[in-house]
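Colleague: Pasting a structure here, questions to come.
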Amino acid sequence: MEKKRNRIMPPTFFMALLLLSIGFHFILPIFKFTFSPYNYIGIALVIFGIVINLWTDSLFKKKQTTVKPHKIPNFFITNGPFKISRHPMYLGMASILLGTAIFLGSILTFIFPIVFIIITESIFIPMEEKYLKNKFGEEYTDYKKRVRRWI
């Protein structure tokens, strides 16, 4: 019998980094980097991130395929936000983190979107792309040639 392992999912990393970003802004506001009205660009990025995540999640539910990176999907989605990004949920989460950093404006907050991208690039994306390649073969290889990883 296979042991069920607890895995830390990307949304957990995302939420932890978002909370750390906000916390560091208020605890250590070392250097203010963006100012009004330019910091409001951050709100647009946060809204974009929320919309793309909700849209992508609805497609996973509609196609009844897994959203979990450690599970093999049973359906290959290429429409909607998947036309512009192979990993739109990660793009949305990174956008929210970057938007938060821009809105808050302190230099330390800009570390957290970078950390999120490094985590997803090193842990989750290679695993997901391996599963997709193994399951969908040439169809996935062709898709990879047409659509960029992030945007």
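Colleague: Could you give the length gained on full extension between ILE41 and ARG148, defined as 0.36 nm per residue of separation minus the Cα-Cα distance, in nm?
Modeller: Taking ILE41 through ARG148 to full extension adds about 36.1 nm, to one decimal.
Colleague: Straight-line reach from LYS71: which aspartates and glutamates have Cα under 16 Å away, leaving out those fewer than 8 places along the same chain?
Modeller: Qualifying aspartates and glutamates at Cα under 16 Å: GLU2, ASP57, GLU128, GLU129.
Colleague: Just to be sure I understand the model, the point goes 7 Å from the Cα along the line to the Cβ. What's the resulting ILE118 to PHE60 distance in nm?
Modeller: With each label point 7 Å from Cα toward Cβ, the separation is 2.5 nm.
Colleague: Now for a separate question. Take the Cα coordinates of region 57-124, assign each an equal point scatterer, and use the Debye formula without solvent to give log10 I(q)/I(0) at q = 0.15, 0.19 Å⁻¹.
Modeller: Reported log10 I(q)/I(0), two decimals: -0.58, -0.82.
Colleague: Which whole-percent values make up P(r) of region 85-151 when all C-alpha to C-alpha distances are grouped in 5 Å steps starting at zero?
Modeller: In order of increasing distance, the bins hold 4, 17, 22, 21, 15, 10, 6, 4, 2, 0 percent.
Colleague: Another question, then. Given region 1-63 reduced to its alpha-carbon atoms as identical point scatterers, what log10 I(q)/I(0) does the Debye formula return at q = 0.12, 0.14, 0.16, 0.23 Å⁻¹?
Modeller: Taking Cα atoms of region 1-63 as identical point scatterers yields -0.53, -0.67, -0.80, -1.13.
Colleague: Right, next: Any chance you could give the angle, 0 to 90 degrees and rounded to 10, that helix 41-63 forms with the longest Cα principal axis of the chain?
Modeller: Here the helix axis deviates by roughly 20 degrees.
Colleague: Right, next: Between region 86-101 and region 62-79, what is the C-alpha centre distance in whole Å?
Modeller: What the calculation gives is 19 Å, centre to centre.
Colleague: Let me ask you something else. Computed over the Cα atoms of the chain, what is the convex hull's projected area averaged over all directions, in nm²?
Modeller: Value for the chain: 10.1 nm².
We did not get these values from a lab; they are worked out from the coordinates using the rules stated. Keep in mind that this is a model prediction, so the values were computed, not measured. Note: ideal-geometry Cβ built from the backbone for every residue, glycine included; neighbour counts use all protein chains shown.
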